[in-house]
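First the structure, in the form of structure tokens, and then the observations on it.
No lab work stands behind these numbers, since they all come straight from the coordinates. It should be emphasised that the depicted structure is a prediction, and the values quoted were computed from it without experimental measurement. Every residue, glycine as well, gets a Cβ built from its backbone with ideal geometry; the counts of neighbours run over all protein chains shown.
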Amino acid sequence: MKLRERANRYNSFFIVDFFVFTFNEHRLTHMTIFTSIFIIALLLSILTQVWLIHRQGSHVATHRHKVPDAFENTVSLKDHQKAADYTIEKNRLGLIELAISSLFLVAMTIGGGINAIAEFWSSFGLAPILTGICIIVSVFLIGYLVDIPLSCYQTFNLEQRFGFNRTTARQYITDQLMQIGLGLLIGVPLLALILWVIESVGSLWWLLAWAILVGFSLIMSWAYPTLIAPLFNRFDPLSDSMLQARIDSLLTRCGFSSNGIFVMDGSRRSGHGNAYFTGMGKSKRIVFFDTLLDSLNNDEIEAVLAHELGHFKHKHVTKMLISSALMSLVGFAILGWLANQGWFYEGLGVHQQSYAIALLLFMMVSPVFTVFMQPLSAFFQRRFEFQADDYAASVAESGALIDALVKLYKENANTLTPDPIYSAFHYSHPPAAIRIANLKKTPGKED
Ligand SMILES: [Zn+2]
């Protein structure tokens, strides 16, 4: 950009005109090549995802008529078919979601959306950082609005029909407003800080911006469970005198501080049940959804707790944070280079250059390329689940964990027969049959 400004100033010199001409030609080829790469990658990622969705749908439909042998005695045909129908419908929704997000991406980039938004905000002559924030926030808000119809359909139609939805329209609107409010409250200062660093530091800005983001995710891993999640749900300490003694003895065996177990009122919004481990250091906690707790007996609760403690023992939260920090370091290094390439902006339909626009384009476009790494991250996540299961089997009863898992699958209408390739690509948890076979292999402490 600087080059072009200088060139315009000395426009009368033939030699400069010639130089600008070759420069533009050069940029033009790069730009066309990059546009082509983007379109090809986008098409490949869409085709891959459509193929996977199609595989999943037909695999589940093929196995709909019969409960798999391993679950013959624990899952009824009715429950099995409900799970199949629910999975197939969610699958169809996934296809629509893919179409909408792809159209949005194309409209915003090569369709000229970001360019128009950038031109609009630039016309006010605000400070570069403020202009950048306005551009990025506008694009995110438009994306948010675009997603709302499908999100409403999912909550009030799909989830409703399968008996999972407990959200009222009022609750839904409050949630959405709070999410937008929090997103702006946290996102805008963070963005301002990053853009300020980019503008004021030299060529190594991407390293400092990355460090800020890592610091931010560390703060969030503390703040999310203790400050943010309680804004949306109630978290009560697990209090059941019958259970307490068993849990205390399990915690002592595992070396976990005992104030970290909570029951969340998940039933406020949905009938789906779950349990999870979150946070680091003093903010670490294990959360049971009340919906899950209601359906498990004490043996099963202890086994699920032992599984979550397995995540804690193996430091899975820390490992995930480190690996995502390393991944984003690579991302920022690439961004640091791309931000100075004219063809990166022009190739994605934007005729002005700024670090904010580079950041925005990078955030929007990189999933098109990173989607092919998803099987790898899903693979590691599934390994973590196996490790947590093995740990649970060593400190509690593996049989009880199997029972709990079957209940979890049944009550969430999760399919027992996913397509192997689809699940390898998308599943963060091993498919039920494989997971249970692994638990049966590891003898528990059953006596
Ligand atoms: Zn787990």
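Which pairs in the list K282/K407; K284/K407; K90/K441; K410/K440; K66/K319 are over 28 Å apart, alpha-carbon to alpha-carbon?
Numbers: K282/K407 31 Å; K284/K407 26 Å; K90/K441 32 Å; K410/K440 19 Å; K66/K319 40 Å.
As for pairs spanning more than 28 Å Cα to Cα, those are K282/K407; K90/K441; K66/K319.
Stokes-Einstein at 4 °C, 1.567 mPa s, Kirkwood radius from Cα pairs: D for the stretch 382-447 in µm² s⁻¹?
For the chosen part, D equals 106 µm²/s.
In the chain, which whole DSSP H runs stretch at least 30 Å along their own axis (Cα) and average 1.6 or higher on the Kyte-Doolittle scale?
Working: long enough: 14-62 (71 Å, 1.00); 77-108 (46 Å, 0.25); 128-153 (39 Å, 1.93); 169-200 (46 Å, 1.20); 316-338 (33 Å, 1.51); 374-395 (32 Å, -0.37).
Once both thresholds are applied, what remains is 128-153.
Quick check for me: using +1 on Lys/Arg Cβ and -1 on Asp/Glu Cβ, what's the dipole size of the chain about its Cα centre, in debye to the nearest 20?
So the dipole magnitude of the chain works out to roughly 480 debye.
Suppose a student asked you for the relative contact order of the chain, using Cα pairs under 8 Å spaced at least 6 residues apart; what percent would you report?
Relative CO of the chain lands at 23 percent.
Using only the C-alpha atoms of the chain, find the volume of their convex hull and express it per residue in Å³.
Working: hull volume 67.3 nm³, N = 447.
Here the figure is 151 Å³ per residue.
How big is the C-alpha Rg of the stretch 316-447 next to the rule-of-thumb value 2.2 N^0.38 Å, as a ratio?
1.50
Mean projection of the alpha-carbon convex hull of the stretch 229-272 over all orientations, in nm²? Walk me through the intermediate numbers first.
Numbers: hull surface 15.8 nm².
About 3.9 nm², averaged over all directions.
Using Cα centres only, tell me the gap between the stretch 365-411 and the stretch 276-311 in whole Å.
The distance from the Cα centre of the stretch 365-411 to that of the stretch 276-311 comes to 14 Å.
Can you give the direction-averaged projected area of the convex hull of the alpha-carbon atoms in the stretch 270-325, in nm²? Before the final figure, lay out the partial values.
Values: hull surface 18.6 nm².
Result: 4.7 nm².
Please express the shape of the stretch 218-335 as an equivalent ellipsoid: the semi-axes are the square roots of 5 times the eigenvalues of the C-alpha gyration tensor, given largest first in whole angstrom.
Semi-axis lengths for the stretch 218-335 are 28, 17, 12 Å.
Using helices alone, I'd like the mean residue ellipticity at 222 nm for the chain: each DSSP H run of four-plus residues gives -39500 (n - 2.57), total over residue count, nearest 500.
-23500 deg cm²/dmol
How many angstrom separate the Cα center of the stretch 106-182 from the Cα center of the stretch 195-213?
About 27 Å separates the Cα centre of the stretch 106-182 from the one of the stretch 195-213.
Taking N as the number of residues in the stretch 56-106, what value does Rg over Cα atoms divided by 2.2 N^0.38 Å take?
1.50
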